[in-house]
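Peer 1: Right, I'll just put the structure down here and ask away after.
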Amino acid sequence: MRCLVFLLFVALASAKNYQRCEWARVLKNYGMNNYLGISLADWVCLCKWESNYNTEAINHNTDGSTDYGIFQINSRWWCTDGLTPTTNACNINCKELLTDNVQVAIDCAKRVVRDPNGIRAWVGWRNHCENRDLSSYLAGCGL
């Protein structure tokens, strides 16, 4: 029983579920505000709808690929999970996107938006953020 509790503690310690303003500050500190003209509010909105700010989020897609982490980076294009044929354009293992060290996830998200689809690569952003007033995503954050 002690071993199970310890393993659960270790698993929880490596993941992070951010609060909205906390995540906005992290993104700003990593240079995401106006990265390629994409506002900080766009990034916060994207992460809200893709993962609810959870670094450990995983979503299995109908095409056999999987989305990983706070940005829901797809295994078919951006990372390798050993299961999905991939181009691995971020040159990372998908498991690296599931920790509280968000540097890897942010670097990969920057790579994704340099692609011709840009931020439109994310369905969550297209469905919930595009052409909307996103001021509420930064409201009260003091940024």
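The values are calculated or read from the model by the stated rules, or taken from the named source; none is laboratory data. In this text the structure is predicted, and so the values were computed from the model without any measurement. With ideal geometry, Cβ positions are generated from the backbone for all residues, glycine too; neighbour counts draw on all protein chains shown. In case anyone asks, the SASA skips ligands and DNA or RNA and just uses the protein heavy atoms, side chains included. Shrake-Rupley method; radii C 1.70, N 1.55, O 1.52, S 1.80 Å.
Peer 1: Amide H to amide H under 5 Å from T80: which residues, 5+ apart in sequence or cross-chain, H placed 1.01 Å off N in plane?
Peer 2: Distant-sequence amide H within range of T80: I92, N93, C94.
Peer 1: Ranked from the most accessible area to the least, with a 1.4 Å probe and all protein chains present, what is the order of E56, E50?
Peer 2: E56, E50
Peer 1: Considering only protein heavy atoms and a 1.4 Å probe, what is the carbon-and-sulfur percentage of the accessible area of the chain?
Peer 2: 52
Peer 1: Further question: What list of ³J(HN,Hα) couplings, whole Hz, do you get for the stretch 19-27 from phi and the Karplus terms 6.51, -1.76, 1.60, once you set θ to phi - 60° and write x for glycine and proline?
Peer 2: 8, 3, 5, 4, 5, 4, 5, 4, 4
Peer 1: Continuing with the same structure: Lys and Arg at +1, Asp and Glu at -1: add these up for the other residues within a Cβ distance under 13 Å of A121 and post the number.
Peer 2: Cβ neighbours under 13 Å give a net charge of +1.
Peer 1: Between N52 and R114, with labels modelled 7 Å along Cα→Cβ, what's the label distance in nm to one decimal, could you check?
Peer 2: 3.3
Peer 1: Hey, another quick one. Hey, rough spin-label estimate for T87 and H60, points 7 angstrom out along Cα→Cβ, what's it come to in nanometres?
Peer 2: Rounded to a tenth, the inter-label distance reads 2.6 nm.
Peer 1: Continuing with the same structure: Charges on Cβ only, +1 for Lys and Arg, -1 for Asp and Glu, centred on the Cα centroid of the chain; of T86, T66, W23, which one is farthest towards the dipole's positive end?
Peer 2: The residue sitting most towards the positive pole is W23.
Peer 1: Report the gain in length on full extension from N127 to Q19: 0.36 nm times residue separation, minus Cα-Cα distance, nm rounded to one decimal. If you can, show how the numbers build up before the last one.
Peer 2: Details: separation 108, 0.36 × 108 = 38.88 nm, distance 2.14 nm.
This chain segment gains 36.7 nm when fully extended.
Peer 1: Restricting to bridges with both residues inside the chain, how much of the DSSP beta-bridge set is antiparallel, in percent to the nearest 5? All intermediate terms of the calculation are to be shown ahead of the outcome.
Peer 2: Numbers: 7 of 8 bridges.
If I count the DSSP bridges inside the chain, around 90 percent turn out antiparallel.
Peer 1: A139 label point, 7 Å along Cα→Cβ, cut-off 20 Å on backbone N: hits in the stretch 32-68?
Peer 2: 39-50, 52-53
Peer 1: Roll a 1.4 Å probe over the protein chains and send me the accessible area per residue for the chain in Å².
Peer 2: About 56 Å² of surface per residue is accessible.
Peer 1: Collect residues whose amide H, placed 1.01 Å from N in the peptide plane, falls under 5 Å from the amide H of N74; neighbours closer than 5 in sequence don't count.
Peer 2: Those lying under 5 Å, H to H, from N74 are Y68.
Peer 1: Considering Cα pairs under 8 angstrom that are at least six residues apart, work out the relative contact order of the chain and quote it in whole percent.
Peer 2: 24
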